[in-house]
Amino acid sequence: MVQDLYILMITAAVVSIIFKLLKQPVVLGYIVAGVLVGPYLFGESLVNADNVKAWGDIGVLFVLFCIGLEFRLKNLISSGKVAAIGALTIILGMMALGYLVGYDAGLDMINSLFLAGMLCMSSTTIVMKVVDEAGLSKERFVKGATSILVVEDVVAVVLMVLLSSIAIRHQFEGRELLNKVITLAITLAVWFICGILIIPTLLRKVKKHLNDETLIILALGLCLGMVLTAEEAGFSSALGAFVMGSILAETVDSHRIEKLMTPLKNVFAAIFFISVGMLINPTSLVEYWQSILWVCLVIIIGMILFGTLGCWWGGQTMRDSMLTSFSFVQIGEFSFIIASLGTSLGVLHPVIYPIIVASSVVTTFLTPYIMKASVPCYNFLYKHASKRLRAKIDKREQLVAAAESANQSANNHVFENKMRHAVRKTIITKRVVDLFFKNMTAKDENK
């Protein structure tokens, strides 16, 4: 086991350094490392596949736990319209495209649904990394893009539960699905209410006894406890990890826990992506290159189309809508998780997994270059748009700018009022203190 871990870490480190030098996402490096140590390239696996799979499953839990820690209900509500309309447009549109692709390829209903689920989620990790490396992290579109990704992450967790239910039953029943959704909603509500009532209070009570070591152990214990609870309730372990992360996100120690979890998450997430790479057969990639190319085109064109429409309908400017959609042109960790789920349940066609992983690798590689084309594409669209469309684009830009100005002004007034109140309190306090000492001095003189 130690030898397996040694080979994994050294291979992943060397390959990821090479990918960093090539200015490519480190996730790709982990997948390539998995191909190198896997059973297909050299005829036999350099590591024990069962050990890697077990570590990878733990990595999935930690990734979802950390995604839950980043989930803030109030931030999601503040983005409101853009997050809801944008995410739903992308998810529904891409799922419809994915299902049609599966149906056209002759897949059955369950495999088509799994394929649809894999194609509808962009990678939060990759999008944020690409935006940061492109120097666009301060741009206006980032807030809306982040909110959409959060909604997609939440929907992905729910989608995994629904796909598991459908896969086990081997049929799609509307009434049963509705009952499952209602049961899930009630269960989540109970978990969140009980968790938010109990856990933050508990952490406040014992805060003075919690150093970093004790806090991370407690957080991991709570996470694994919720994982077991979710499994006992008939839901996926991933849902339990996400829920506990979301509950802890409402505590005062959420950022501290997130910081402490980051190294652990990075290690096990790397192992998960390596385990994904180990399942890639380079021969099958050559054999199914046409299917891979077709899926990549569906992802890129679909994400740009539905992402732009969803953000525009949600109230963003055309420029921000295109910047957002052009950054979403890849599939990532949730696609792998859904693919792993289908494989573990024994319902996923063996061909789908390598095609999805290869498509993710290709689209992730292309994302920085496609994103750089977003502004030139916007300029081209604006230049060749009809007068009517151009007028709508200009009007939306003015409305968004006016709303931003109004919000900034309101925030400035709030800040100014707070400052005035603080200064006023300071002046009043100073006068009271001066008056107190003056009275005390007068009393001493009278004595």
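Rounded to 0.05, the FRET efficiency of the Ala401 and Lys205 pair, given R0 = 51 Å and the Cβ-Cβ distance, is 0.60.
Converting phi to 3J(HN,Hα) with the Karplus coefficients 6.51, -1.76 and 1.60 and the offset θ = phi - 60°, the stretch 32-40 yields 4, 4, x, 4, 5, 8, x, x, 8 Hz in sequence order, with x at every glycine or proline. The phi-based Karplus calculation (6.51 cos²θ - 1.76 cosθ + 1.60; θ = phi - 60°) puts the 3J(HN,Hα) values of the stretch 372-389 at 5, 7, 5, 5, x, 5, 5, 4, 5, 4, 5, 5, 9, 6, 5, 4, 5, 5 Hz, whole numbers, x for Gly and Pro. For the stretch 213-336, the Kirkwood estimate of the hydrodynamic radius, built from every pair of different alpha carbons, is 18.0 Å. Scaled against 2.2 N^0.38 Å for its residue count N, the alpha carbon radius of gyration of the stretch 338-384 is 1.81.
For the peptides 100-113, 12-25, what is the packing order when you average, over each peptide's residues, the other Cβ atoms within 10 Å and list the highest mean first?
100-113, 12-25
Count the net charge of all other residues whose Cβ sits under 15 Å from the Cβ of Cys311, scoring Lys and Arg as +1 and Asp and Glu as -1. Around Cys311, the surrounding residues sum to +2. The phi torsions of the stretch 209-216, fed into the Karplus equation with coefficients 6.51, -1.76 and 1.60 and a -60° offset, translate into couplings of 9, 9, 8, 4, 5, 5, 5, 5 Hz, rounded to whole numbers, with Gly and Pro shown as x.
Taking a ≥ b ≥ c as the square roots of the eigenvalues of the alpha carbon gyration tensor, the stretch 256-319 is oblate, as a/c is not under 1.5 and a/b does not beat b/c. By the Stokes-Einstein formula, at 1.567 mPa s and 4 °C, the stretch 296-386 with its Kirkwood radius over alpha-carbon pairs has D equal to 90 µm²/s.
A short reminder: the numbers here are calculations on the coordinates, not readings from a lab. Owing to the predicted nature of the structure, the values given are computational and were not obtained by experimental measurement. Every residue, glycine among them, receives a Cβ derived from its backbone with ideal geometry; neighbour counts consider all protein chains shown.
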